[in-house]
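Visitor: Please find one structure pasted underneath; my questions will follow.
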């Protein structure tokens, strides 16, 4: 009987398969969706920024945003005033020359003009309305007017002057900046914002009449409808048949510096840098790895004020910063004393000390000044003594003003 034949089976071969397009797309689905969203967002932003024709700068008559002035310009045009927009100094000069007797509305919130350009702009028209001017604009257009800081009274500010536009407005909603003029001058001071500061100052200069307007809401699209804001804006800007609205832009900037890096760089550098950036992004996506699971960690959400105070005190003590620590205490005391004495927020230390001395017969002005500003600690003992004196002064003023 013969032995059964042995059948030798050949080893099975491992089949090599090439990934299909569907499998590759499924693997990279997240990154493809992310790239598509980024491209769509970029296209949307490009289209949105390209279709908008209006300016975004404040006080621009083509800016329909809340801080723009398109509304007042449109109302002036409906009233028959020819409102001409000028974006550069030559355009403003040409517009004024084309309409003699025109009113110039001027604002330079970006600070583009130099002193010489401001001096040229101040001589363009006989009647000028300045919007929230700074130091340089005031020096060029109205040297007798000075900035008075932030206003104190904002809502329902009465005219209190004989300026026709202000009388028609009655009251306005302020906000912005306040200004003051020399006491011996003949300037019209309207809409008092504090003791000697006003929202509107109209003065005569060698070039003509200059009206300084510090109420920001009078010209903005958001605030022009409040109280008599619209009446004041139309009264100041609509006196003449033509209004040249000049808000300087970057085209007014005089290029007098050295050549920039872009002009000195060869043309091939930018394409090479872009190619390097795209190559880096492609390599990062190709070799990137998914992050692991997020680790939840309970973070403190509440820090007690006492812990912050003690920590800062330890830092001051370790550094030996006795003067710095005392200054922090003095700032708080001066702020509270200003509130108790009824002084404005921008009151100086001299005003606070004088007011405190007026209500405290037993304290001299020198003693109060020493406590608030003059005395300097030489060690921790002096720091503690001066802090006690600050507390004693504050309690004495509070008891005298509010018994």
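The values are calculated or read from the model by the stated rules, or taken from the named source; none is laboratory data. All values derive from a computational prediction rather than experimental measurement. Here Cβ is always computed from backbone atoms with ideal geometry, including for glycine, and neighbour counts include all displayed protein chains.
Visitor: Can you name the strands (runs of 3 or more DSSP E) wholly within region 118-182 that have at least 2 residues being at pLDDT 90 or above and under 24 Å from residue 60 (Cα atoms)? Walk me through it before giving the result.
Guide: On the way: elements: 127-131, 145-147, 179-181.
Result: 127-131.
Visitor: In the list 335, 355, 378, which residue meets the criterion of being assigned to a helix (DSSP H, G or I), surrounded by fewer than 17 Cβ atoms within 10 Å (Cβ to Cβ) and either outside the structural domain of residue 150 (by TED's automatic domain parsing) or in contact with a helix residue (DSSP H, G or I) (Cβ under 7 Å, 6 or more places away or on another chain) (or both)?
Guide: Exactly one of 335, 355, 378 is assigned to a helix (DSSP H, G or I), surrounded by fewer than 17 Cβ atoms within 10 Å (Cβ to Cβ) and either outside the structural domain of residue 150 (by TED's automatic domain parsing) or in contact with a helix residue (DSSP H, G or I) (Cβ under 7 Å, 6 or more places away or on another chain) (or both), namely 335.
Visitor: If I ask for residues that are within 14 Å of residue 57 (Cα to Cα), outside any loop (DSSP other than H, G, I, E, B) and modelled with pLDDT under 90, which ones from region 219-251 would you list?
Guide: 250, 251
Visitor: May I pose another question? Return the residues of region 183-201 that are assigned to a loop (DSSP other than H, G, I, E, B) and under 15 Å from residue 130 (Cβ atoms); say none if nothing qualifies.
Guide: Answer for region 183-201, where residues must be assigned to a loop (DSSP other than H, G, I, E, B) and under 15 Å from residue 130 (Cβ atoms): just 187.
Visitor: Here's a follow-up. Among the residues that make up region 324-339, is at least one of them more than 31 Å from the chain's Cα centre (by Cα) and over 30 Å from residue 30 (Cα atoms)?
Guide: yes
Visitor: Also: Does residue 127 meet the test of being closer than 17 Å to residue 234 by Cβ, surrounded by fewer than 23 Cβ atoms within 10 Å (Cβ to Cβ) and either in contact with a strand residue (DSSP E or B) (Cβ under 7 Å, 6 or more places away or on another chain) or touching a residue at least 24 places away in the same chain (Cβ under 8 Å) (or both)?
Guide: yes
Visitor: Just one of 383, 315 is over 27 Å from residue 153 (Cβ atoms), in contact (Cβ under 8 Å) with a residue 60 or more places away in the chain and either outside the structural domain of residue 150 (by TED's automatic domain parsing) or not in a helix (DSSP H, G or I) (or both); which is it? If you could, list the steps in order and put the result at the bottom.
Guide: Numbers: 315 fails: in contact (Cβ under 8 Å) with a residue 60 or more places away in the chain.
Of the residues listed, the single one that is over 27 Å from residue 153 (Cβ atoms), in contact (Cβ under 8 Å) with a residue 60 or more places away in the chain and either outside the structural domain of residue 150 (by TED's automatic domain parsing) or not in a helix (DSSP H, G or I) (or both) is 383.
Visitor: Based on what the data block shows, is residue 210 out of contact with any helix residue (DSSP H, G or I) (no Cβ under 9 Å at 6 or more places or on another chain), under 24 Å from residue 178 (Cβ atoms) and either in contact (Cβ under 8 Å) with a residue 24 or more places away in the chain or buried (at least 24 other Cβ atoms within 10 Å of the Cβ) (or both)?
Guide: No; evaluated as a whole, the condition is false for this residue.
Visitor: Restricting the search to region 142-159, which residues are surrounded by fewer than 15 Cβ atoms within 10 Å (Cβ to Cβ) and farther than 20 Å from residue 210 by Cβ?
Guide: Hits for region 142-159 are 155, 156.
Visitor: Being at pLDDT 75 or above and over 23 Å from the mean Cα position of the chain (by Cα) is the filter here; which residues of region 45-80 pass it? It would help to see each step written out before you state the result.
Guide: So in region 45-80, the residues at pLDDT 75 or above come out as 57-80.
Within region 45-80, 73, 74, 75, 76, 77, 78, 79, 80 qualify.
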